[in-house]
Amino acid sequence: MSFGVALHSMLALAYNEGTFMSSKNLAFSIGGNPVTVRRVIGQLSEAGLVETQPGPGGGARIARKPAKVT
């Protein structure tokens, strides 16, 4: 996992708490590739840090209160 991509994604999802963000929007924010973001989000999902929703209007959102993530 790319630590920088994971950290930036978590910060963006925490800032937009409760909102699903697409990998395209996260990649734009990071200045990276949506495929890379999807891979990292998949790993964060397996770790229980983010929730994902497939399809149009889907994406990822933070699964916990940001203050509870250490």
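The values are calculated or read from the model by the stated rules, or taken from the named source; none is laboratory data. A quick note: this is a predicted structure, and the numbers were derived from the prediction, not measured. In this analysis, Cβ positions are derived from the backbone assuming ideal geometry, glycine residues included, and neighbour counts consider all displayed protein chains. For accessibility, only protein heavy atoms count, side chains too; no ligands or nucleic acids. Shrake-Rupley method; radii C 1.70, N 1.55, O 1.52, S 1.80 Å.
A few points about this structure:
- Here SER29 fulfils each of the conditions (1) in contact with a helix residue (DSSP H, G or I) (Cβ under 7 Å, 6 or more places away or on another chain); (2) without any contact (Cβ under 8 Å) to a residue 12 or more places away in the chain apart from (2).
Here's the yes/no breakdown for (1) among the polar types (S, T, N, Q); (2) assigned to a loop (DSSP other than H, G, I, E, B); (3) open to solvent by 70 Å² or more (accessible area, probe 1.4 Å):
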| site | (1), (2), (3) |
| --- | --- |
| SER9 | yes, no, no |
| ALA12 | no, no, no |
| PHE28 | no, no, yes |
| ARG38 | no, no, yes |
| GLY42 | no, no, no |
| THR52 | yes, no, yes |
| ARG64 | no, yes, yes |
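- Selected residue (only one of GLY57, GLY48, GLY4, GLY18 is touching a Phe, Trp or Tyr at 6+ places or on another chain (Cβ under 9 Å) and loosely packed, with under 12 Cβ neighbours inside 10 Å): GLY57
- Flag if PRO34 is open to solvent by 70 Å² or more (accessible area, probe 1.4 Å) and either modelled with pLDDT under 95 or within 8 Å of the chain's Cα centre (by Cα) (or both): no
- Residue that is aliphatic (A, V, I, L, M) and more than 16 Å from PHE3 (Cα to Cα), where the choices are ALA60, ALA27: ALA60
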